[in-house]
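Since the structure comes first, as C-alpha cells, the remarks are kept for the end.
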Amino acid sequence: MGSDLSNGNVLECSDIRKTFGDFVAVDGVGFHIGAGETYGLLGPNGAGKTTTISIIAGLLERDGGTVLIAGEAMDPEATAAKRHVGLVPQDLAIYPDLDARENLRFFGRLYGLRGSELDHRVDEVLDIIELRDRANDRSDEYSGGMKRRLNIGIGLLHHPTLLILDEPTVGVDPQSRNAILESVERLGEEGMAVLYTTHYMEEAERLCDRIGIIDHGTIKAEGTQRDLVQLVGQRDRVRLVATGNLAAGSAALGELPGIDDAAVTAQGIDLIVENAHDELPEILSVASRTGVSVGGVDVDTANLEAVFLHLTGRALRE
C-alpha cells in the first residue's frame with residue numbers, strides 16, 4: 001500500500017488488541033491523527049498507553065486490529081511504515097560519551113542519511129532543539145532538559161511524518177519543559193502529526209488538539225478538551241464583580257441560551273456557563289443594559305482534570 005494521505009490522516013488505528021497471558025493490556029483501541037495535529041493519549045499508570053505506543057511504532061506485535069501510518073500497514077517487520085515514524089521514548093536513548101553532534105550523526109546514519117545531507121540535517125535539528133552552542137560538549141555533561149531535547153532531536157532527524165513523544169518532559173526543570181513544549185507546538189504548526197503522552201495535565205491542555213483518555217486498555221472518551229468537558233457535564237463558572245441592579249441583571253442573564261444558572265452574590269453575580277469564551281461578550285452587554293456595573297470578571301474554565309477523574313476514578317499521575 002502506498003503513502004496515501006488523501007483523507008488527511010497520518011495515523012489510523014482501529015480495534016487494536018493485545019494480551020499477555022490472561023492479562024488484557026489493550027482491548028479494542030482505535031483513533032486517528034491528522035497532519036499538523038497533536039493527539040494526547042492520557043491514562044493512569046497501567047492503562048495501556050505504553051503497549052499501544054509500542055504497537056503503533058512497530059515494536060510490538062498486536063493480537064488484532066489494524067495500524068496504518070501514511071497509508072502503510074505497520075507491524076514489527078514493516079520497514080516502509082517505520083520510515084514515517086520518529087519515536088522519542090521516555091527512557092533516554094543517547095550515548096553519554098558522545099557530544100550532541102556525534103549522537104545525531106550516529107543516529108542519522110542509522111536512518112540512512114549520508115554526506116552533506118546528513119551534515120545539513122544535523123545542523124537543522126541542533127537549531128530546532130536549541131543545542132547548537134553546546135553541540136560539541138559530551139552529552140553526559142548536559143542538564144536533564146538538554147538530554148531530553150537531544151532525545152527529541154534524534155527522533156526528528158529523518159523528517160518523520162508521525163512523531164511519537166512518550167512523556168518527553170519527565171524530570172526536567174520548568175525552563176527546559178517550556179522549551180520542549182514550544183518545540184512541539186512549532187512542529188504541529190509545520191504540519192507534523194504528533195502522538196503525545198504525558199503525566200502533566202497542563203501539557204495536554206496546552207498542546208493537544210484532541211485527547212483520548214485510556215483506562216484498562218480501552219479508550220473511555222475522545223475529543224477536544226471542550227468536547228470532553230461537555231461530555232461529562234462540566235461547565236465554566238463566571239463571577240461578575242458588580243454593583244447596581246443585580247436582581248434584574250441576574251434574571252436577564254439566566255434567560256440567555258448558553259447560561260445554565262445565574263445567582264446574586266455578595267460580590268455581584270455568579271453564572272454557570274456552557275462556554276464562557278463565546279458567551280462573555282453577550283453577558284457583559286446584557287449586564288450593562290439591565291443596570292449592572294461590572295468592575296471585574298473571573299472565569300474558571302471547566303477542568304480537564306475533573307473529566308479525567310470522572311472517567312477513570314484516578315488522578316493522571318497515579
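The values are calculated or read from the model by the stated rules, or taken from the named source; none is laboratory data. Quick caveat: nothing in here was measured; it's all calculated off a predicted structure. Please note: Cβ atoms are built from the backbone with ideal geometry, for glycine as well, and neighbour counts cover all protein chains shown.
Structural remarks
- Members of the stretch 250-263 that are in a strand (DSSP E or B) and surrounded by fewer than 16 Cβ atoms within 10 Å (Cβ to Cβ): 260, 261, 263
- First in the stretch 13-24 and under 14 Å from residue 214 (Cβ atoms) and outside the structural domain of residue 222 (by TED's automatic domain parsing), second anywhere and assigned to a strand (DSSP E or B) and acidic (Asp, Glu), Cβ under 7 Å, 6 or more apart: none
- Residue check for residue 70: among the small types (Gly, Ala, Ser), in the same structural domain as residue 159 (by TED's automatic domain parsing), surrounded by 14 or more Cβ atoms within 10 Å (Cβ to Cβ) and over 18 Å from the mean Cα position of the chain (by Cα): yes
- Taking the stretch 285-308 as the range and being surrounded by 16 or more Cβ atoms within 10 Å (Cβ to Cβ) and of a type outside the set (Phe, Trp, Tyr) as the test, the residues that pass are 286, 287, 290, 292, 294, 297, 301, 302, 304, 307.
Per-residue answers, yes or no, for (1) surrounded by fewer than 19 Cβ atoms within 10 Å (Cβ to Cβ); (2) of a type in the set (D, E, K, R):
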{"site": "109", "(1), (2)": "yes, yes"}
{"site": "114", "(1), (2)": "yes, yes"}
{"site": "118", "(1), (2)": "yes, no"}
{"site": "121", "(1), (2)": "no, yes"}
{"site": "129", "(1), (2)": "no, no"}
{"site": "136", "(1), (2)": "yes, no"}
{"site": "139", "(1), (2)": "no, no"}
{"site": "159", "(1), (2)": "yes, no"}
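- The C-beta contact set for the stretch 129-148 (first residue more than 18 Å from residue 171 (Cβ to Cβ), second residue assigned to a loop (DSSP other than H, G, I, E, B) and among the hydrophobic types (A, V, I, L, M, F, W, C), distance under 8 angstrom, 6+ apart or interchain) comprises 138/98.
- With respect to the conditions (1) under 30 Å from residue 16 (Cα atoms); (2) assigned to a loop (DSSP other than H, G, I, E, B), residue 266 lacks only one, and its number is (1).
- For the stretch 309-318, taking the residues that are among the hydrophobic types (A, V, I, L, M, F, W, C) and out of contact with any helix residue (DSSP H, G or I) (no Cβ under 8 Å at 6 or more places or on another chain), the one that is surrounded by the fewest Cβ atoms within 10 Å (Cβ to Cβ) is identified as 309.
- Positions within the stretch 21-56 being surrounded by 19 or more Cβ atoms within 10 Å (Cβ to Cβ) and hydrophobic (A, V, I, L, M, F, W, C), in sequence order: 25, 26, 29, 31, 33, 41, 42, 47, 53, 55, 56
- The stretch 91-133, subset of a type in the set (Val, Ile, Thr) and assigned to a helix (DSSP H, G or I), residue farthest from residue 167 (Cα to Cα): 122
- Answer residue from the stretch 115-171, given it is closer than 30 Å to residue 34 by Cβ and among the hydroxyl-bearing types (Ser, Thr, Tyr) and is modelled with the lowest pLDDT among those: 169
- Of all residues making up the stretch 45-65, the number that are without any contact (Cβ under 8 Å) to a residue 24 or more places away in the chain and either part of a helix (DSSP H, G or I) or not assigned by TED's automatic domain parsing to the domain that holds residue 29 (or both): 1
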